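Reading through the structure tokens given below for one structure.
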Amino acid sequence: MKVILIGFMGAGKTTVGQLLAKKTNLAFLDTDQLVSQRTGQTPGEIFATVGELGFRQLEQTILQENLVKQGVMATGGGIIELAANRQLLKNSTVPVIYLSGSFGQTVERLVKDNSRPIVRNKSLLELAELWEQRLDKYAEIATETIYTDNKTAEQVAEEVSQYM
Ligand code: S3P
């Protein structure tokens, strides 16, 4: 990979990643899409059938298989949950960019979209707890952090391209 985007759900990883891939003429890879292609199921369906751990293991396989390819990778917000995934990302020489914003602006984007199983099954308070639990994990593996509040996806993509 030339760059890997991490961050909470709703951070804009997919939108920014797609723009960036276009801008740099690289392939765009999205771990959620790759997991879905592999299984023929949406993340929601996978959570429902094999649970969150099953989904995380699939994410790990996909991450491992695709790290060596050339492209822009957007990851699922929970990629940092497994220690094995954090290690894979830390050991790679690829820039890992953390798209970070305020909880308020992130949730605003999330509530507009009902597709995520983690969001559907959680209250706002539980989501805030998950946010708190994950922040350090993103920061731990990120080589750079970009703040996204009040920025367009184009502006964020431009900032990310400076680290590639
Ligand atoms: C998840 C984030 C989702 C997807 C799945 C679980 C999470 O990806 O992988 O629904 O645990 O944060 P996005 O961050 O692209 O929404």
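What to note about this one:
- Placing unit charges on the Cβ atoms only, positive for Lys and Arg and negative for Asp and Glu, gives segment 12-164 a dipole magnitude near 280 debye about its Cα centre.
- Estimated vicinal HN-Hα couplings, Hz - segment 79-91 in sequence order (Karplus 6.51, -1.76, 1.60; Gly, Pro = x): 4, 7, 5, 8, 4, 4, 5, 4, 5, 4, 5, 5, 6
- Sequence-separation-based contact order of segment 3-148, relative, with Cα cut under 8 Å and 6+ spacing, percent: 37 percent
- Additional length obtainable on full extension of the chain from PHE103 to ASN91, 0.36 nm per residue less Cα span: 1.5 nm
- Phi to ³J(HN,Hα) by Karplus 6.51 cos²θ - 1.76 cosθ + 1.60 over segment 41-57, Hz, x for Gly, Pro: 10, 7, x, x, 5, 5, 4, 5, 8, 10, x, 5, 5, x, 5, 4, 5
- For segment 23-69, a/c is not less than 1.5, where a ≥ b ≥ c are the root eigenvalues of the C-alpha gyration tensor, and a/b tops b/c. That puts it in the prolate class.
- Excluding same-chain neighbours fewer than eight residues apart, the lysines reachable from LYS90 by a Cα-Cα span under 19 Å are LYS2, LYS13, LYS69, LYS137.
- Between segment 50-99 and segment 11-25, the alpha-carbon center distance in angstrom: 17 Å
- In whole percents, the pair-distance distribution calculated for segment 6-101 from its alpha-carbon pairs, binned every 10 Å from zero, is 16, 51, 31, 3.
- Residues listed by number, segment 15-36, amide nitrogen under 16 Å from GLN70 label point at 7 Å toward C-beta: 21-29
- Gain upon complete extension [GLN33, ASP136; 0.36 nm per residue less C-alpha separation]: 34.5 nm
- Full-stretch length increase - LEU53, ARG120 - with 0.36 nm per residue and alpha-carbon distance subtracted: 22.4 nm
- Global geometry of the chain, whether rounded, prolate or oblate, following the gyration tensor of its Cα atoms and the 1.5 cut on a/c: rounded
Computed from the coordinates by the stated procedures, all read-outs in this text should not be read as laboratory data. Bear in mind the structure is a predicted one, so any value in this text is a computation, not a measurement. Note that we place each Cβ from the backbone using ideal geometry, even for glycine, and neighbour counts take in every protein chain shown.
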